[in-house]
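Presented below is the structure to which this report refers.
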């Protein structure tokens, strides 16, 4: 079966990279080493920017890159607007636009009780009905603030929601840090989305993606990282990580030492990524930071894993680097 899959992929890729040198290298590898060598060649071909340019150019990347349909609630803290959009292939459909109120002390939340609204990318983890409706309206969406990136900066606080207003509310300008929107619009949003699969972007900047080239470079980077990981190339693999790295296994040094031991075993691996989501991550430092979430399938002799992989990738002086990994 694998033999036929490789042949199929070869026919898919050849028109994309149709040039004499690439074709010659493919045929030479096949002639000398058989089909097994083609897999490695095709894995490397997935790092080609020319391949990703053709895919990305078909898409509108205003809110990032999403392989599958995605609801996004974009909260602009400067315009005080919430835009609900539906991203599907190369189309972006605005489903609703609503006024919002944010924290009394603005945005950039970092600690409990600072009356600020957080900036970043969040998930809705719960829908709460058991609330004081005289204060918060009909219900509230609970956000996952602080998320893992927030926690890596020791940002604290809790109870950041998207909620409504009291019916007789006289001052709709401020909250204690939540995002509030008129009740009728909140109810309308709830009719349109699957809240558990939606992304919330809270940003002071209207323009999130500076150039679609960033998306192309990120996709190429992700598959280069996969290639080095799959083929146990530790030197090149670890070069893609920031020295400011934080992971569940510790900082850069601890992570590198652990990976070096694992790569030394030279295990044969199978690694697949699907349902890739690349979301620009707003931040007050105006750095180029991206949240990458994907479904990962990993299989090695000692471990099989199927689940979510989350990377925070930052553009540094030498290019993109993995800054956080979860």
**Asked** Got a sec? How would 201, 289 order by Cβ neighbour count within 10 Å, fewest to most?
**Response** 289, 201
**Message:** For the chain, give me the percentage of DSSP beta bridges that are antiparallel, rounded to the nearest 5 percent.
**Reply:** 80 percent
**Asked** So how do 261-270, 233-242 stack up, highest first, on mean other-Cβ count within 10 Å?
**Response** 233-242, 261-270
**Request:** Could you work out how far helix 20-33 tilts from the main Cα principal axis of the chain, as a 0 to 90 degree angle to the nearest 10?
**Result:** 60 degrees
**Message:** Given contacts defined as C-alpha pairs under 8 Å and at least six residues apart, what's the relative contact order of the chain, whole-number percent?
**Reply:** 16 percent
**Message:** Using a 7 Å offset from Cα along Cα-Cβ at residue 81, what residues in segment 274-299 end up with backbone N under 19 Å from the label point?
**Reply:** 282
**Item:** Ranking of 325, 39, 112 by count of other Cβ atoms within 10 Å, fewest first
**Value:** 112, 39, 325
**Request:** Per DSSP H run of n ≥ 4, the term is -39500 (n - 2.57); total these for the chain, divide by its residue number, and report the mean residue ellipticity at 222 nm rounded to 500 deg cm²/dmol.
**Result:** -9500 deg cm²/dmol
**Complete:** Helix 212-230 sits off the longest principal axis of the Cα atoms of the chain, rounded to the nearest 10 on a 0 to 90 degree scale, by 50 degrees
**Item:** Fewest-first sequence of 28, 76 by Cβ atoms within 10 Å of each Cβ
**Value:** 28, 76
**Asked** Going by a ≥ b ≥ c, the root eigenvalues of the Cα gyration tensor, does segment 82-201 fall in the rounded group (a/c under 1.5), the prolate group (a/b larger than b/c) or the oblate group?
**Response** oblate
**Length gained when the stretch residue 272-residue 95 is fully extended (0.36 nm per residue, less Cα-Cα span)** = 60.4 nm
**Prompt:** Cα gyration tensor of the chain, axes a ≥ b ≥ c as square roots of the eigenvalues: rounded (a/c below 1.5), prolate (a/b > b/c) or oblate?
**Reply:** prolate
**Complete:** In degrees, nearest 10, the alpha-carbon axis of helix 183-192 is tilted away from the dominant principal axis of the alpha carbons of the chain by 30 degrees
**Inter-part distance where segment 247-268 and segment 186-234 are each reduced to a Cα centre, Å** = 25 Å
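Just so you know, all these numbers are worked out from the coordinates, no wet-lab data involved. Because the structure is predicted, anything quoted here is derived from the model rather than measured. Every residue, glycine as well, gets a Cβ built from its backbone with ideal geometry; the counts of neighbours run over all protein chains shown.
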